[in-house]
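Here's the structure we're looking at; comments come further down.
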Amino acid sequence: MPRSINETRIGIGIDTGGTFTDAVAVDLTCGAILAKAKRPTTREDLAVGIRDALAAIDAGLFRGVELVSLSTTLATNAVVEGKGARVGLIVAVPDPETFALPAGLPAMDVAVIAGAHGPDGSVRTPLDLEAAAAAVARMGRTVDAVAVSTYFSVANSEHETALRDLVAAACGAPVVCGHELSQRIGMVERATTAALNARLLPLVRDLLDAVRSTLDAFHIAAPLMVVKGDGSLTAERMARLRPVDTVLSGPAASVVGACRLSGLTSALVADMGGTTTDIALVSGGMPAVSSDGALVGGWRTRVQALDVRTVGLGGDSRIRVQRGGLVSLGPDRAVPLCTAAQRFPDLAAELESAVDAAASGEAAEPPVYLTLVRRPEGDLSPSLAALFDAIDGRALHVDGAAGVAGPFVDVDALVRSGHVAEIAPTPTDVLVAAGELDLGSRRASVAGLALMAASARTDAEALGASVRREVGSRLALEVAARALAGDRRGVEPSAAEAALLDHLLAEGREGALRSRLALGVPLVAVGAPAAAWFPSAGELLAADLVVPEHAEVANAFGALAGRVIERAEARVRMEAGEQFAVITPATRERYDDYATARKRAEELASEAASAAAAAAGATVVSVSLSFDEVVAEQERRDDDVFVELTVVATASGPPLL
């Protein structure tokens, strides 16, 4: 007999994307999606979108919920937009007089002091606690959190621990240590990671507080997990301590969900949302992870995250068209006319009036409007105040907005900062106008595209066809570029190589040099617009295209499909006297023979990874080991000299229900 809802073990997956917030209810026993919902993301308060999505799911399912998992764009967006806590960064190096940090680190106050360990964990430069105390006294009045990173803390964490204790005693601000976030060498990258983690602490805390209160309102008391940037899961309390791990959480959840929904273990996965398309390579059921750490907002970090190609092309990319119909898309996002007309009922009629005026011979201006998202804090100039008053609660054409604001207001900067939103034609409007998508006001989409076509001296049908060709060719090019990078172990195509790929895709079948590019793995397309836009891209690439059922909520489903995965490292180094040192951030042990040292390194790495996985919410934990050995090659191979062995333990397990 089939089980009743009350007997079903249910998981709730939630994804907060740039455009939509999705929620799914999943039978944890068989993986079937029982219910799904998609609601607009409320950027000013993400909890509102989450609450709206959960409210659209049958409340009767909530009685059986045993797990809730969240993926989010919050950390990624905050890093890119420079939001978050005010951070002080203390860096300890061998010689502050000769050491130069790169400009633009994500901290408002940076102090460089003396203090360093060597790769063997020994003290090379004593820690200058007097200089540290002076830095903390200065920072304590202006910062919300402090990050510390010291030279070779991966071999000895004592200096970072001393700085943490000093900050805690002096000002009580939260302290983030680099060695707690990464055991890989690269002090600047660890410093960047620690500073970003400190910056994100209040933002992710507030989000998780809001999610937890929302779950309480729906009487859901299950454990809350969060998707990390590599697609694995971590417990809510760990996400509060290490929010930087959630950078690229959303794309990672989409890739995991796409693989589970399609049943494929080797594929190129493309997730098309409203703002971007994320493309990742999956092999053996695991998405490729960046070997150098995630690059986010221009900063290289030591965050384990998906190796993803992110393209500024989505369903809500702004369409621009030149005379004659030449189309360009994005990378900026606009509110589609069809959805804007739901909020501003007069917009459709205003667009239709402009179309009639253009037909009578009046000049046609592109249908681009502005509306207020939120006012900046602090005092405003009279021009800014007048502009915000004019677009508060209404859509105002850019020409009218420019007249209100005057020549000294940078409207583009207001759009980039998120205070003002543009309303303009998008690929979504093309689908709505053609009757292929039922969303918002079709009248607004039809009239807006007709007005844009008139302004470019073409017709709406030709404009729609140009948009379709441009979307298909752009997607095909970006997928091909990601496939080429995968074949070359992460080496991205140069500008010249990308131009050649574009030529081969567009004209290679008919030119003097003919070609036929074909993907060697299936292309799995997910995201709300995937079914509409990827068939033409798949055709250009001769791809085996798969758009799985429930593709529009692959990200929320993927939030539940991951496992807890944690890694830890231990190193074995050759030392003088033919001794072998076993080194971790907290341990330095010496042994007379290599075999014993290696076995001990395996034990320490396994224990640390298992403990981390348990803390992150795993139940049954299994551990696998990998090894990276460095030798000094000699003339005869038998004479090669051992230098160092890195043992990497990976502990994984299902999340606690």
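Observations, loosely collected:
- VAL430 meets the conditions (1) within 17 Å of PHE344 (Cβ to Cβ); (2) at pLDDT 90 or above in every case but one. The failed one is (1).
- Positions within the range 156-196 being part of a loop (DSSP other than H, G, I, E, B) and among the charged types (D, E, K, R), in sequence order: ARG184
- Given (1) crowded, with 18+ Cβ neighbours inside 10 Å; (2) among the aliphatic types (A, V, I, L, M); (3) within 30 Å of GLY538 (Cα to Cα), number of the condition LEU396 does not satisfy: (3)
- Candidate set: the range 412-422, residues that are assigned to a strand (DSSP E or B) and within 17 Å of SER317 (Cβ to Cβ); chosen: the one modelled with the highest pLDDT: GLU422
- Every pair of residues 6+ apart whose Cβ atoms lie under 6 Å, when the first sits in the range 209-225 and is touching a residue at least 24 places away in the same chain (Cβ under 8 Å) while the second is among the charged types (D, E, K, R): THR214/ARG51; ALA222/GLU66; LEU224/GLU236
- Any hit, the range 541-564, residues being modelled with pLDDT of 90 or more, part of a strand (DSSP E or B) and under 28 Å from GLN304 (Cβ atoms): yes
- Those residues of the range 197-223 which are surrounded by fewer than 22 Cβ atoms within 10 Å (Cβ to Cβ) and over 20 Å from ARG43 (Cα atoms), in sequence order: ASP216, ALA217, PHE218, HIS219, ILE220, ALA221, ALA222, PRO223
- Lone qualifier among ALA341, ALA252 - being of a type in the set (A, V, I, L, M) and touching a strand residue (DSSP E or B) at 6+ places or on another chain (Cβ under 8 Å): ALA252
- The lone exception for SER153 - which of (1) buried (at least 24 other Cβ atoms within 10 Å of the Cβ); (2) more than 20 Å from the chain's Cα centre (by Cα); (3) closer than 30 Å to THR21 by Cα it fails: (3)
- Pick from the range 458-472, criterion over 24 Å from the mean Cα position of the chain (by Cα) and among the β-branched types (Val, Ile, Thr), ranking: surrounded by the fewest Cβ atoms within 10 Å (Cβ to Cβ): THR458
- Conditions (1) under 30 Å from PRO529 (Cβ atoms); (2) of a type outside the set (S, T, N, Q); (3) surrounded by 15 or more Cβ atoms within 10 Å (Cβ to Cβ); number of the one not met by VAL409: (1)
- Matching entry among LEU475, LEU451 (being aliphatic (A, V, I, L, M) and either touching a Pro at 6+ places or on another chain (Cβ under 8 Å) or loosely packed, with under 14 Cβ neighbours inside 10 Å (or both)): LEU451
A quick yes/no check of all residues on (1) on the phi < 0 side of the Ramachandran plot; (2) among the aromatic types (Phe, Trp, Tyr); (3) touching a helix residue (DSSP H, G or I) at 6+ places or on another chain (Cβ under 7 Å):
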position	(1), (2), (3)
ALA270	yes, no, yes
ALA280	yes, no, yes
GLY284	no, no, no
ASP292	yes, no, no
GLN304	yes, no, no
ILE319	yes, no, yes
VAL327	yes, no, yes
VAL335	yes, no, no
ALA340	yes, no, yes
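- Evaluation of ALA53 against the conditions (1) buried (at least 23 other Cβ atoms within 10 Å of the Cβ); (2) in contact (Cβ under 8 Å) with a residue 60 or more places away in the chain shows that the sole unmet condition is (2).
- One residue stands out in the range 169-224 among those that are in contact with a strand residue (DSSP E or B) (Cβ under 8 Å, 6 or more places away or on another chain) and of a type in the set (S, T, N, Q): the one that is nearest to PRO106 (Cα to Cα), namely THR192.
- Counting the residues of the range 398-412 that are closer than 22 Å to PRO367 by Cβ and either in contact with a helix residue (DSSP H, G or I) (Cβ under 8 Å, 6 or more places away or on another chain) or among the aliphatic types (A, V, I, L, M) (or both) gives 8.
- Residue match in the range 593-604 (condition: outside any helix (DSSP H, G or I) and either buried (at least 19 other Cβ atoms within 10 Å of the Cβ) or out of contact with any His (no Cβ under 7 Å at 6 or more places or on another chain) (or both)): yes
- Yes/no for LEU163 being touching a strand residue (DSSP E or B) at 6+ places or on another chain (Cβ under 6 Å), closer than 27 Å to ASP245 by Cβ and touching a residue at least 12 places away in the same chain (Cβ under 8 Å): yes
- A single member of GLY538, GLY558, GLY577 is over 30 Å from LEU431 (Cα atoms) and either without any contact (Cβ under 8 Å) to a residue 60 or more places away in the chain or surrounded by 16 or more Cβ atoms within 10 Å (Cβ to Cβ) (or both), and it is GLY577.
- Within the range 423-452, the set of residues being part of a loop (DSSP other than H, G, I, E, B), among the aliphatic types (A, V, I, L, M) and touching a residue at least 40 places away in the same chain (Cβ under 8 Å) comprises ALA424, LEU437, LEU439.
- Qualifying residue in the range 453-470 (condition: of a type outside the set (Val, Ile, Thr), on the phi > 0 side of the Ramachandran plot and at pLDDT below 90): yes
- Any hit, the range 24-47, residues being in contact (Cβ under 8 Å) with a residue 24 or more places away in the chain, surrounded by 18 or more Cβ atoms within 10 Å (Cβ to Cβ) and part of a helix (DSSP H, G or I): yes
- Residue within the range 376-383 that is touching a helix residue (DSSP H, G or I) at 6+ places or on another chain (Cβ under 7 Å), among the polar types (S, T, N, Q) and at pLDDT below 90 present: yes
- For the range 28-64, the candidate set comprises residues that are out of contact with any helix residue (DSSP H, G or I) (no Cβ under 9 Å at 6 or more places or on another chain) and charged (D, E, K, R); within that set, the residue that is farthest from THR246 (Cα to Cα) is ASP52.
- Going through (1) closer than 23 Å to SER417 by Cβ; (2) under 18 Å from the mean Cα position of the chain (by Cα); (3) buried (at least 20 other Cβ atoms within 10 Å of the Cβ) one by one, SER71 falls short only on (1).
- Tally, over the range 261-289, of residues that are crowded, with 19+ Cβ neighbours inside 10 Å and either without any contact (Cβ under 8 Å) to a residue 24 or more places away in the chain or part of a helix (DSSP H, G or I) (or both): 2
- ALA496 falls short on exactly one of the conditions (1) of a type in the set (Gly, Ala, Ser); (2) more than 22 Å from GLN322 (Cα to Cα); (3) touching a residue at least 60 places away in the same chain (Cβ under 8 Å), and that condition is (3).
The values are calculated or read from the model by the stated rules, or taken from the named source; none is laboratory data. The model shown is predicted, which means the values in this text are computed figures rather than measured ones. A quick note on method: Cβ atoms are made from the backbone with ideal geometry, for glycine too, and the neighbour counts reach across all protein chains shown.
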